[in-house]
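Shown next, in structure tokens, is the structure this report addresses.
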Amino acid sequence: MDHDVHQFLPPDDPQELNDLSVAAEYAPIRRRLEEQLIGEFYGGDEQWVRDGVLVGLPDGGVSEGPNRQLSVQRGGHWPPPPVE
């Protein structure tokens, strides 16, 4: 199983550079949030939990889809850079 957990304190770390998920003093907060999340699971979501602990799902890998030539439609590609 694979999942990544990150925990930040936005007022003190707005750019989310200091990951508190490994800090012992924040472990109770993380556990409470995980319990709340698990309490909202339904349908197939329960497979993400084992013995009351959030475990995630196996990494399925990444597969590339077809290139539909839409790379300049939005995002960091617009406007196109000037051609010299």
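Taken as a whole, the structure leaves V62 outside the set of residues that are at pLDDT below 90, surrounded by 10 or more Cβ atoms within 10 Å (Cβ to Cβ) and part of a loop (DSSP other than H, G, I, E, B).
Table: residues versus (1) at pLDDT 80 or above; (2) open to solvent by less than 80 Å² (accessible area, probe 1.4 Å).
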site	(1), (2)
G39	yes, yes
D45	yes, yes
R50	yes, no
S71	no, yes
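Here A23 passes the criteria (1) open to solvent by less than 60 Å² (accessible area, probe 1.4 Å); (2) over 15 Å from V5 (Cα atoms) except the one numbered (2). Taking the conditions (1) open to solvent by less than 80 Å² (accessible area, probe 1.4 Å); (2) of a type in the set (D, E); (3) at pLDDT below 90 in turn, D13 satisfies each one other than (3).
The values are calculated or read from the model by the stated rules, or taken from the named source; none is laboratory data. Note that the coordinates shown come from a computational prediction; the quantities given were computed from them, not determined experimentally. Heads up, the Cβs are rebuilt from the backbone with ideal geometry, glycines too, and the neighbour counts pull from every protein chain shown. Please note that ligands, DNA and RNA were not included when accessible areas were found on the heavy atoms of the full protein model with its side chains. Shrake-Rupley method; radii C 1.70, N 1.55, O 1.52, S 1.80 Å.
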